[in-house]
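Novice: Here it is, the structure, as structure tokens.
Each reported figure results from applying straightforward, stated rules to the coordinates on display, with no laboratory input. None of these values were measured; they are calculated from a predicted model. Virtual Cβ from ideal backbone geometry, glycine too; neighbours counted across all protein chains shown.
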Amino acid sequence: MTTSVTAPAPAATPLLQVRRLWAEPEALASARGQQIRARFPAAEIVEVPSHWQIEELYGNAGNVDRWVRVKTEDLVMGVKKSLSARPNSRSSDWIAPSLSNGCAMACAYCYVPRRKGYANPITVFTNIDKIIGYLGRHVRRQGDKVEPNQCDPLAWVYDIGENSDCSVDALVSDNVADLVTAFRDWPTAKASFATKYVNRQLLELDPRGRTRVRFSLMPEADAKMLDIRTSPIRDRIAAIDDFVAAGYEVHVNLSPVVLRDGWEQAWAELLQQLDDATGDAFKAQAAAEIILMTHNRQLHEVNLGWHPKAEDLLWRPELQQPKLSQNGQWNVRYRNNVKAQGVARIQELIGEHAPWLRVRYAF
């Protein structure tokens with residue numbers, strides 16, 4: 001695969017005002033690394049032996065009060081060493097090797113900073129050719145999908161954005177564009193990613209139905225408190241028909257559902273807004289994931305240092321219980337009976353306000 005080092009810089013955005021590029025030497029020397037360097041020409045280059053071992057960023061408790069500045073001003077470049085596709089059964093059949101991890105946005109419930117500690121700016125992996133080569137071989141080994149499942153009736157679905165937001169990653173490099181192009185030529189597979197950011201540059205990529213974009217939605221009042229530095233909910237909804245027209249399959253993630261006073265009315269209004277603002281082409285292929293909020297004690301403590309008001313919504317010990325996640329971390333989620341009632345009520349609201357919206361799964 002040929003990569004370009006002359007791609008134009010993305011449109012100016014307050015999300016990324018990069019002052020420091022922390023780079024593994026191999027990553028910086030690569031074609032993709034040079035493309036990223038060209039997009040942020042004023043940034044200081046700081047060479048590091050490993051993208052995981054940056055004392056100034058990771059595990060540095062002093063970064064709590066610089067949470068947003070770190071996300072804005074720091075960008076890390078590394079080489080993805082281990083390439084594997086992990087089985088999944090919810091959003092996708094497989095979790096693809098990461099193009100990046102971390103994010104320039106700052107959602108108060110995000111699980112990614114639990115691994116890095118105190119700061120999670122974008123780390124972008126520059127060996128995109130090897131990632132795509134691995135995925136192509138993996139897709140071919142699967143053959144045809146002979147048994148439909150809730151992920152997709154025909155295609156093997158690969159989540160390409162488990163640890164990041166691909167719409168923002170596309171501002172940093174052409175990694176996302178290269179993957180969308182690759183999946184376009186794999187007739188038995190489909191890429192998928194969730195996003196909270198409207199990047200209209202993605203409309204130019206001609207995905208031909210082989211990439212599924214899942215716009216994450218929640219009531220606007222919740223998003224203003226919890227989805228920090230993301231696109232407004234109204235903008236996400238307004239983009240849906242445009243992405244369908246551009247050749248994407250578009251689903252929605254109703255997530256996270258935060259149980260608080262007035263939540264049912266707020267979700268009813270959101271679903272009605274979705275129904276009113278989208279056309280028949282979207283509704284004919286739409287599906288939803290319902291995800292009730294999961295939190296984490298360590299993240300709760302971090303949030304108290306930079307955004308304590310969010311914890312009034314997220315930290316509800318009287319409603320929550322411990323939960324061992326699929327990745328082995330102990331989190332907290334709503335108690336079983338509370339969660340079951342919440343899921344049932346959201347589905348009732350869908351039936352009342354958006355009956356065309358198929359629910360792929362809920363948890």
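Novice: Would you please classify the overall shape of the range 251-293 from the alpha carbon gyration tensor, given that a ≥ b ≥ c denote the square roots of the eigenvalues, rounded means a/c under 1.5, and beyond that prolate means a/b larger than b/c while oblate covers the rest?
Specialist: Oblate shape, in that a/c is at least 1.5 and b/c is the bigger or equal ratio.
Novice: Taking one equal scatterer on every alpha-carbon of the range 147-278, how large is log10 of I(q)/I(0) by Debye at q = 0.15, 0.19, 0.22 1/Å?
Specialist: -0.73, -1.10, -1.34
Novice: For E249, what charge total do you get from the other residues with a beta carbon under 14 Å from its beta carbon, if Lys and Arg give +1 and Asp and Glu give -1?
Specialist: That sum, taken over residues with Cβ under 14 Å, equals +3.
Novice: Kirkwood Rh over Cα pairs of the range 51-181 into Stokes-Einstein at 20 °C, 1.002 mPa s: D in µm²/s?
Specialist: Here the translational diffusion coefficient equals 135 µm²/s.
Novice: Taking the Cβ of W306 as the center, what net charge do the other residues with Cβ under 12 Å away carry, scoring Lys and Arg +1 and Asp and Glu -1?
Specialist: Here the charged neighbours net out to +1.
Novice: Counting just the Cα atoms, what span does the range 247-337 cover along each of its three principal axes? Round to the nearest Å and put the largest first.
Specialist: Sorted from largest, the Cα extents of the range 247-337 read 44, 31, 31 Å.
Novice: Among M105, M225, M77, which comes first, then next, by fewest other beta-carbon atoms within 10 Å?
Specialist: Ordered by Cβ neighbours within 10 Å, fewest first: M225, M105, M77.
Novice: Okay, next question. Using amide H atoms built in the peptide plane, which far-off residues or other-chain residues are under 5 Å from R214 H to H?
Specialist: Amide H to amide H, under 5 Å and 5 or more residues apart or across chains, R214 pairs with F193, A194, T195, H251.
Novice: Something else now. Sort the following peptides by mean Cβ neighbour count (other Cβ atoms within 10 Å, averaged over residues), highest first: 281-288, 122-129, 203-210. If you can, show how the numbers build up before the last one.
Specialist: Values: 281-288: 17.0, 122-129: 24.4, 203-210: 15.5.
Those peptides, ordered most packed to least, come out 122-129, 281-288, 203-210.
Novice: Show the residues, 5+ positions off or on another chain, whose built amide H is closer than 5 Å to the amide H of R86.
Specialist: I95
Novice: Moving to a separate point now. Multiplying the sequence separation of A42 and V68 by 0.36 nm and subtracting their Cα-Cα distance, what value in nm do you get?
Specialist: That works out to 7.4 nm of additional length.
Novice: Amide H of V46: which non-local residues (sequence gap of 5 or more, or other chain) have their own amide H closer than 5 Å, using H built in the peptide plane?
Specialist: L21, W22, A23
Novice: Once whole DSSP H runs in the chain are found, which of them have Cα atoms spread over 24 Å or more along the helix axis and a mean Kyte-Doolittle score of at least -1.0? Please list the in-between numbers first.
Specialist: Details: long enough: 336-353 (26 Å, -0.48).
The answer, listed by residue number, is 336-353.
Novice: Which whole-number percent is the relative contact order of the chain (Cα, under 8 Å, 6+ apart)? Provide the component values of the computation, followed by the final result.
Specialist: On the way: 696 pairs, mean separation 50.0, N = 363.
Answer for the chain is 14 percent.
Novice: Let me ask something else. Please report Rg (one decimal) and Dmax (integer) in Å for the Cα set of the chain.
Specialist: Computed over the Cα atoms of the chain, radius of gyration and Dmax are 19.9, 56 Å.
Novice: Please list 165-171, 238-244, 188-194 highest first by mean number of surrounding beta-carbon atoms within 10 Å per residue.
Specialist: 165-171, 188-194, 238-244
Novice: Would you mind working out the magnitude of the charge dipole of the chain relative to its Cα centre, with +1 at each Lys and Arg C-beta and -1 at each Asp and Glu C-beta, to the nearest 20 Debye?
Specialist: 820 debye
Novice: Can you figure out the FRET efficiency of E352 with L319, using R₀ = 35 Å and their beta-carbon distance, to the nearest 0.05?
Specialist: For R0 = 35 Å, the calculated efficiency reads 0.90.
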